[in-house]
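One structure is given below, encoded as structure tokens.
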Amino acid sequence: MDKRFEGIESFKNRVWLASPTLHGEESKWINEAIETNWVSTVGENINEVERMVQEKIGLKYAVALSSGTAALHLAIRMAGERLYGPKPANVGTLTGHKVFCSDMTFDATVNPVAYEGGEAVFIDTETDSWNMSPEALEKAFEIFPDVKLIVVAHLYGTPGKIDEIRSIANKHGALIIEDAAESFGASYKGVQTGKFGDYSIISFNGNKIITGSCGGMFITDSEADAHKVRKLSTQAREDAPWYQHEELGYNYRMSNIVAGVIRGQLPYLEEHIAGKKRIYERYRDGFKDLPVSMNPIPENTEPNYWLSCMIIDENAMCPQVRSERKVLYNTEPGKSCPTEILESLMAFNAEGRPIWKPMHMQPMYRTNSFVTVQGLLRGRSNAYIDEGKAVDVSMDIFERGLCLPSDVKMTEQEQDIVIDIIHRCFK
């Protein structure tokens, strides 16, 4: 064993990045669905979850779907039809059109653009929030003035500068799809995320702050759009005494069983957020003497603190080289890197994770356009530092950052050990 870690014992129970935190009420609503025989894609649990979510976010309509990705797909399809009109079943609604997308996000944010035949143009990240840079977005409109759709995500539960992005979108006549999958319960200038998009979505995936094991929600103020999404999510069946289909549909509706889990979870949203916030603040205070900083919280935002992350100062990075699937690093006294820290945590049965790899660095999207505040780049830039300023901010955060164990059930004692392990990585 590395002498730096002598005296530390492995956790008997795994300390997770983010796992479901259940409270017991979930089984009440699941059992009710079973006892009343409403176990398919209709039922009181679905109705109540939709009501609770639309009330929380402040929009008029919410449609419960099988996943956040399904919600994104239908949001993008709705936007494509609104902008460019309906298409035949074998032609995506965005075929021939570019879409501006957050670069630093999970690929579920942008894959539905490809489902609908569109071409994602990735917008670089800003250091203030680790979200889409309004400055880079404005530069993108200078390069591609005909774009009419923006897909923006709130990374790790921290809202981006959505009012600036909305102002830019309005100036250019563009719609916004707001991916609030990770930020349910977070607010920007006192307004809940999910309320800013022309179409918005949230996720109830197993690791989210509120979970149904799976599931998602499409949110809108338009009754007509909500009805259309319900129709599309149930194979687009027409009002006929037989199965009549006049447009392409999907099997995307949420199960009443899944909705039962979510119904039992929703009353604990604020409790989960408070627990996540305590974890973030204890990391922040515990790392004050290290050459690192936490994922930033801009002014006028109240995150849900879904994941606590850290980024290592440039001059405190030990050498690290990544290929597509492997990574090498050299330990140096007083320095560390994400790989060393993650491997050290894993050795003691704690789970961390690298920062989401930016979309423009992904092999499947490497030929797509990528726009920074300096202008258009394609794929991975070989020179991402220009006079001390990061040109490719997304890549820089990916290279130096990592996600820390952020599970609500993690005890203070367990977190103290995680903090100690990370301190020893820099010795």
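Computed from the coordinates by the stated procedures, all read-outs in this text should not be read as laboratory data. Since this is a predicted model, take the numbers as computed values, not measurements. Cβ: placed from backbone, ideal geometry, glycine included. Neighbour counts: every protein chain shown.
Straight-line reach from Lys3: which lysines have a Cα under 28 Å away, not including same-chain ones fewer than 8 places off?
Within the straight-line cut-off, Lys3 pairs with Lys12, Lys288, Lys326, Lys335, Lys427.
Set the Förster distance to 45 Å, then compute FRET efficiency between Asp2 and Ser213 from the Cβ-Cβ distance, nearest 0.05.
0.75
Go through Lys139/Lys161; Lys98/Lys231; Lys87/Lys228; Lys161/Lys231; Lys56/Lys189 and tell me which ones have a Cα-Cα distance over 23 Å in this structure.
Flagged as over cut-off: Lys98/Lys231; Lys161/Lys231.
Tell me, what is the percent relative contact order of segment 208-320, built from C-alpha pairs under 8 Å that lie six or more residues apart?
On the way: 103 pairs, mean separation 27.1, N = 113.
Relative contact order for segment 208-320 comes out at 24 percent.
Please arrange Met364, Met104, Met78 by counting, for each residue, the other beta carbons lying within 10 Å of its beta carbon, fewest first. Please report the intermediate quantities before stating the final value.
On the way: Met364 10, Met104 30, Met78 22.
Fewest to most other Cβ atoms nearby, the residues stand as Met364, Met78, Met104.
Could you list Cys337, Cys101 so that the one with the fewest beta carbons within 10 Å of its beta carbon is first and the one with the most is last?
In increasing order of surrounding Cβ atoms, one gets Cys337, Cys101.
Hand me the trypsin sites (Lys or Arg not before Pro) from segment 279-339 located in a DSSP loop with no more than 12 other Cβ atoms within 10 Å, in residue order please.
On the way: sites: Arg282, Arg284, Lys288, Arg322, Arg325, Lys326, Lys335; in loops: Lys288, Arg325, Lys326, Lys335.
Passing both the DSSP loop test and the Cβ count: Lys288, Arg325, Lys326.
Between Gln413 and Asp239, what length in nm is gained on full extension when 0.36 nm per residue of separation is reduced by their alpha carbon distance?
Taking 0.36 nm per residue and subtracting the Cα distance, the gain is 56.8 nm.
How much of the DSSP beta bridge set in the chain is antiparallel, as a percent to the nearest 5?
Working: 34 of 55 bridges.
Given both bridge residues lie in the chain, the antiparallel proportion sits at roughly 60 percent.
For Cα pairs less than 8 Å apart in space and 6+ apart in sequence, what is the mean separation divided by the residue count of segment 25-267, i.e. the relative contact order in percent?
Relative contact order of segment 25-267: 28 percent.
So what is the diffusion coefficient of the chain in µm² per second by Stokes-Einstein at 25 °C and 0.890 mPa s, using a Kirkwood Rh over Cα pairs? Walk me through the intermediate numbers first.
Working: Rh = 22.5 Å.
Translational diffusion coefficient: 109 µm²/s.
For the chain, which span is the longest to avoid every loop-located (per DSSP) member of chymotrypsin sites (Phe, Trp or Tyr not before Pro) having at most 11 other Cβ atoms inside 10 Å?
Result for the longest clean stretch: 1-241.
Which one, Lys148, Lys357, Lys228, has the greatest fluctuation when you compute a Gaussian network model over the chain with C-alpha springs under 10 angstrom?
The residue that fluctuates most here is Lys228.
Please sort by residue number the GluC sites (Glu not before Pro) in segment 175-240 whose DSSP state is loop and whose Cβ has at most 16 other Cβ atoms within 10 Å.
On the way: sites: Glu178, Glu182, Glu223, Glu238; in loops: Glu182, Glu238.
Filter output for segment 175-240: Glu238.
Would you mind getting me the FRET efficiency between Val191 and Leu328? Use the beta-carbon distance for r and R0 = 41 Å, nearest 0.05.
0.35
Going by how many other beta carbons lie within 10 Å of each one, how would you line up Ile202, Ile397, fewest first? Could the numbers behind the result be given before it?
Numbers: Ile202 29, Ile397 21.
Exposure proxy ranking, most exposed first: Ile397, Ile202.
Rounded, prolate or oblate for segment 25-267? Axes are the square roots of the Cα gyration tensor eigenvalues, ordered a ≥ b ≥ c, and the cut-off for rounded is a/c under 1.5.
oblate
Could you give each residue of segment 105-121 its phi-based ³J(HN,Hα) in whole Hz, using Karplus coefficients 6.51, -1.76, 1.60 with θ = phi - 60°, and x for Gly or Pro?
My calculation for segment 105-121 gives 6, 6, 5, 4, 4, 10, 4, x, 4, 5, 3, 9, x, x, 10, 6, 10 Hz in order.
Which percent, nearest 5, of DSSP beta bridges in segment 75-186 are antiparallel?
That works out to approximately 10 percent antiparallel.
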